[in-house]
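> Okay, handing you the structure first.
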Amino acid sequence: MLKINNLHVSVGDKPILKGLTLDVPAGEVHAIMGPNGAGKSTLGYALSGRPGYEATEGSVEWAGEDLLALEPAERAAKGVFLSFQYPIEIPGVPALTFVRTALNAQKRARGEEEVAAPAFLKLVREASKALKMDFDMLKRPLNVGFSGGEKKRMEILQMALLEPSLLILDETDSGLDIDALRIVSEGVNALRRPDRAMLVITHYQRLLDYIKPDRVHVLAGGRIVASGGPELAHQLEAEGYDKYLPEPA
Amino acid sequence: MAAVKETIDTVAELERYKYGFTSDVEQEFAPKGLNADIVRFISEKKGEPEWMLEWRLAAYERWLAMEEPTWAAVKYEPVDYQDLFYYAAPKQKEGPKSLDEVDPEILEVYKKLGIPLKEQEVLAGVQGAPRVAVDAVFDSVSVVTTFKEELAKAGVIFMPISEALREYPELVRQYLGSVVPVSDNYFAALNSAVFSDGSFVYIPPGVRCPMELSTYFRINASQTGQFERTLIIADKGSYVSYLEGCTAPMRDENQLHAAVVEIVALDDAEVKYSTVQNWYPGDAEGRGGIYNFVTKRADCRGDRSKVSWTQVETGSAVTWKYPSCILKGEESSGEFYSIAITNGHQQADTGTKMIHLGKNSKSRIIAKAVSAGKSDSTYRGLVSVHPKATGVRNFTQCDSLLIGKECGSHTIPYIEARNGSAQLEHEATTTRLSDDQLFYAQQRGLSQEEAVALLVNGFVRDVLQELPMEFAVEAQKLVAISLEGSVG
């Protein structure tokens, strides 16, 4: 269970999140929707511990842990995974090397046995097949020269291999054509499990046709201003975010 | 992939400079300071022929008339050349050395450094593991050279240069100083006058050297300069891969290391020379460390000859070093692959010179500089094309990576093309280790130091791949260790 209580986050001196409260029980998929600049990406960064995103007030609890007290790598080892809106290019580091290094770092942190190369390659082959990814691409430096769709698939592949329990997807649909969107969504749906919580951050309802949320929340002005079932997403699609925007001064 | 994992394991385990120990070895010194008598003393100690003494004395005279160069982008306290020991040797019996006769303290040093000196230890290793012959130079003298007999069967001569001067004086005389003349520069002249040991390699025509050769330099004594001389001759159609490594104890004084390496490659010969330089870099405040003022040059005399320099420079307080190739032979080829990592208060001014004299000669330069802390790194390179050298090609790529906001990185490429047919390419980039990349790697579970190690190893990968396999892993670890504490 993810419990966010009255979370305030500033970037520099600028307050972005202003008292966000949200519970996501294990096994559920919650969508966070909202207008541009509402603080959607900030929420993802704050949960994963990005330096510069300072929690000034409130608490975040995940699986009984005070998440805000942990380093980014420690959060990752506790199961937090952020799928980036714009995945980062890592020159000179083959994708396979990167993921295996990350996986074993997490396993070490949890006191688990590391995965040897042959077993790892087997895992990767299976996972990349499901996402219709060319295995040879994984020998190339991570994300360097990848298309937008390839980068997003790479994020989902990492998610499948690292087996996180708190999955945060930041605008995973942006930059995807309809076929890629379907493949990526199928990849995400395959990861739904009773012990996993998922937070799907998106501007458009489109993604939610593929990844069906249990709950939908509207994030505006730095806090959750409305919550409802899947029907709320359709309503937003039809009516827009206007009624949630602050009145012009 | 395994290497990366190992890198990360090692980062956690190792201290910053694990080679900083000193050893209590009984040594004999020449009196402090430099004069003609010291030069005579060294020559006599080595039992050198008369012509060699004359050569040294002439070099000493030249040195007296020269001035220390100041054009490099490095700042350091002036060296007091009269306040140094020019000769420090572990006390031991004269004559042929077997391992049993070497001071156990010295053997312990090499054991701690992980350098195999016992041939059977190397042989007992994993089946199929490459074997490496080692010449171990301790302060001013070579203490042991392994696999000499086996190499001799292939006709390869691998021995301390002091021994070669006695056993193969004509061969040494023919080539010594023919690539780096005595008067080439201030430090080369000094080295020519006082060098006390180093390695000599001769590969006969058509022979592919059956194993990697390596020389391991260790400075141990305090207030002592190390001046070693390496001479490698690859006769027609031969091949050799050679590696040098170096470490020194942590001391709060600066120590001088002024080496000269000469390589001669005849027709169709190929020499691959790799360096993993890990001299003591000084402490966090910039106290102590080695002044590494080195002249390395290869003469690609023969047609189709090839020399490749690969260097991983992580140590030393100040580095001044430009491994170069004179491409005399037609279709000869020179390569320079470099990783220069500076952290703390280190300064490095390093690069290469590719002098194209032969027709259709070609060269390739890949230089990667990683600067962190308050360090400063300069790539200085020259690509020169002689008027008669037609069809010359060069490709140069200089990439700099900055970590933090207090370091500096500079690229100074000189190009002199005096033949219109030359095709010269130059690419350069400077990037900062990005917060985005660091956070991305951390989000996937890497600690900050693991993330830096992985990203930097990615940055230098092109060059690491040029190292012999067994040293690439070592170098990868070194990259990680040198950058510990560089972020945050």
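> Does A:V144 count as hydrophobic (A, V, I, L, M, F, W, C), within 29 Å of A:N36 (Cα to Cα) and within 13 Å of chain B (Cβ to nearest Cβ)?
yes
> Something else now. Considering each of A:L219, A:L169, A:L208 in turn, give the residue that is surrounded by 17 or more Cβ atoms within 10 Å (Cβ to Cβ), of a type outside the set (S, T, Y) and assigned to a helix (DSSP H, G or I).
Sole residue among the options that is surrounded by 17 or more Cβ atoms within 10 Å (Cβ to Cβ), of a type outside the set (S, T, Y) and assigned to a helix (DSSP H, G or I): A:L208.
> Would you be able to tell me the number of residues in segment A:222-249 that are closer than 23 Å to A:L2 by Cβ, surrounded by 14 or more Cβ atoms within 10 Å (Cβ to Cβ) and out of contact with any Gly (no Cβ under 6 Å at 6 or more places or on another chain)?
8
> Next up: Any idea which residue in segment A:71-106 is farthest from B:A441 (Cα to Cα), counting only those that are of a type in the set (S, T, Y) and facing another protein chain (nearest Cβ under 8 Å)?
A:T97
> Looking at B:E466 and the list (1) among the acidic types (D, E); (2) within 24 Å of B:T275 (Cα to Cα); (3) without any contact (Cβ under 8 Å) to a residue 12 or more places away in the chain, which single condition is not satisfied?
(3)
> Restricting to segment A:173-190, what's the tally of residues that are assigned to a loop (DSSP other than H, G, I, E, B) and of a type in the set (S, T, N, Q)?
1
> Something else about it: State whether the residues of segment A:195-205 include one that is in contact (Cβ under 8 Å) with a residue 12 or more places away in the chain, over 21 Å from A:Q85 (Cα atoms), assigned to a strand (DSSP E or B) and among the small types (G, A, S).
Checked against the condition, which is being in contact (Cβ under 8 Å) with a residue 12 or more places away in the chain, over 21 Å from A:Q85 (Cα atoms), assigned to a strand (DSSP E or B) and among the small types (G, A, S), segment A:195-205 yields no hits at all.
> Here's another thing I want to ask about it. Taking segment B:411-443 only, how many residues are in a helix (DSSP H, G or I) and either closer than 17 Å to B:R364 by Cβ or more than 10 Å from chain A (Cβ to nearest Cβ) (or both)? First the steps, then the outcome.
So the first thing to find is which residues in segment B:411-443 are in a helix (DSSP H, G or I), and the list is B:435-443.
Then keep just the ones that are either closer than 17 Å to B:R364 by Cβ or more than 10 Å from chain A (Cβ to nearest Cβ) (or both); that gives none.
Residues meeting the conditions: 0.
> Related question: Kindly indicate whether B:K388 is without any contact (Cβ under 8 Å) to a residue 60 or more places away in the chain and among the basic types (K, R). Spell out the reasoning first.
On the way: without any contact (Cβ under 8 Å) to a residue 60 or more places away in the chain: yes; among the basic types (K, R): yes.
Yes; evaluated as a whole, the condition is true for this residue.
> Examine segment B:471-486 for a residue that is among the acidic types (D, E), assigned to a loop (DSSP other than H, G, I, E, B), within 23 Å of the chain's Cα centre (by Cα) and closer than 30 Å to B:L213 by Cα, and state whether such a residue exists.
No - not one qualifying residue is present in segment B:471-486.
> Please report, ordered by residue number, the helices (runs of 4 or more DSSP H) entirely within segment B:22-135 with at least 1 residues that are modelled with pLDDT of 70 or more.
Output list reads B:36-45, B:50-65, B:104-113.
> So the check is Cβ under 9 Å with 6+ separation or different chains; which pairs have a first residue in segment A:116-129 that's within 11 Å of another protein chain (Cβ to nearest Cβ) and a second one that's loosely packed, with under 12 Cβ neighbours inside 10 Å and in a helix (DSSP H, G or I)?
Here the result reads A:A117/B:A2, each pair linking segment A:116-129 to a residue that is loosely packed, with under 12 Cβ neighbours inside 10 Å and in a helix (DSSP H, G or I).
> Then there is this: Name the pairs whose Cβ atoms lie under 8 Å apart, with the first residue in segment A:51-70 and within 14 Å of another protein chain (Cβ to nearest Cβ), the second charged (D, E, K, R) and in a loop (DSSP other than H, G, I, E, B), and 6 or more positions between them or separate chains?
As it stands, the answer is A:L67/A:K78; A:L70/A:K78, since those pairs meet every condition given.
> Have a look at A:L47, A:L68 and point out the one that is under 16 Å from the mean Cα position of the chain (by Cα) and closer than 11 Å to A:L7 by Cβ. Even if it seems obvious, please write down each step before you answer.
Working: A:L68 fails: under 16 Å from the mean Cα position of the chain (by Cα).
Criteria check complete, one pass: A:L47.
> Failed condition for B:L446, given (1) closer than 21 Å to B:S274 by Cβ; (2) not in a helix (DSSP H, G or I), with all others met?
(1)
> In segment B:449-470, what count of residues is obtained for those that are modelled with pLDDT of 80 or more, assigned to a helix (DSSP H, G or I) and either out of contact with any strand residue (DSSP E or B) (no Cβ under 8 Å at 6 or more places or on another chain) or away from every other protein chain (no Cβ under 12 Å) (or both)?
9
The values are calculated or read from the model by the stated rules, or taken from the named source; none is laboratory data. Predicted, not measured: the structure shown is a model, and the values here were computed from it. Positions of Cβ are generated from backbone atoms using ideal geometry, with glycine treated the same way; all protein chains shown enter the neighbour counts.
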